[in-house]
1. Measure off 7 Å from each Cα along the Cα-to-Cβ vector at Val10 and Gln36, then give the distance between these two points in nanometres to one decimal.
2. Of Lys58/Lys180; Lys115/Lys136; Lys146/Lys180, which sit over 23 Å apart, Cα to Cα?
3. Out of Leu20, Leu173, Leu93, any idea which swings most in a Gaussian network model of the chain, alpha carbons joined below 10 Å?
4. Looking at the range 77-119, which trypsin sites (Lys or Arg not before Pro) are in a loop (DSSP not H, G, I, E or B) and have at most 16 other Cβ atoms within 10 Å?
5. Fewest Cβ neighbours within 10 Å first, please rank Ile124, Ile109 accordingly.
6. Using only the Cα atoms of the range 1-91, what do you get for the radius of gyration and for Dmax, in Å?
7. Where the centroid of each part is defined by its Cα atoms, how far is the range 71-132 from the range 138-167 in Å?
8. Pop the C-beta distance of Ser21 and Gln181 into the FRET formula with R0 = 35 Å and round what comes out to the nearest 0.05.
Amino acid sequence: MKEIVKLVSVLTVVCVLAGLSLSYVSSATQEARDYQDRLELLSSLSMVLPEHDNEPDKDVVEITDKTYYLAKKDGEINGVAFITSTDKGYSGLIRVIVGVQPDGEIISIGILEQKETPGLGSKITEDWFIDQYKGKSLENARWAVKKDNGDFEQISGATISPRAVTGAVQKGLQAYQEDKQEILGGGDVVQ
């Protein structure tokens, strides 16, 4: 009986020390992780927003569960970015960042996350695929892949992935259109 109590005591002490160590390492590295997350966001924003003189990751409008990043030049909004996603990719979640002019015309998009089949669905990250969205808006495009009588290229052998990206971008544009007045009017600006 004494051996069991001794074993339980030793294991308890080891577990407590391990937990404290993990907690310390987590808190000690939090600032570095936050900094790295910010750099990744800024890099993504710079891919889809026009030239700006503000910090769009800090000039944010939040509406319900959506976050809009504002690009400003000389105090005027000249671009808005937002992240949209879909779970309709062939291999699950696809996250897309979309940059638009204030009127809703796409400046560019970027694929933030995808697990599509390498060499097939993963082609959604290639420039030729991304570039086809530039200049498109809800008003000037048929939001489907060509196979579905739309304007957007599909990938031979991987129609699901382009279909998912096109649907996610359209969904994001529709949300932006609904929120546009509040976004351009100020909304809740987070500094």
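A short reminder: the numbers here are calculations on the coordinates, not readings from a lab. None of these values were measured; they are calculated from a predicted model. So basically every Cβ, Gly included, is an ideal-geometry build from the backbone, and we count neighbours across all protein chains shown.
1. 3.6 nm
2. From Lys58/Lys180; Lys115/Lys136; Lys146/Lys180, over 23 Å: Lys115/Lys136; Lys146/Lys180.
3. Leu20
4. Answer by residue number: Lys115.
5. Lowest count first: Ile124, Ile109.
6. 23.2, 76
7. 14 Å
8. FRET efficiency, Ser21 to Gln181: 0.10.
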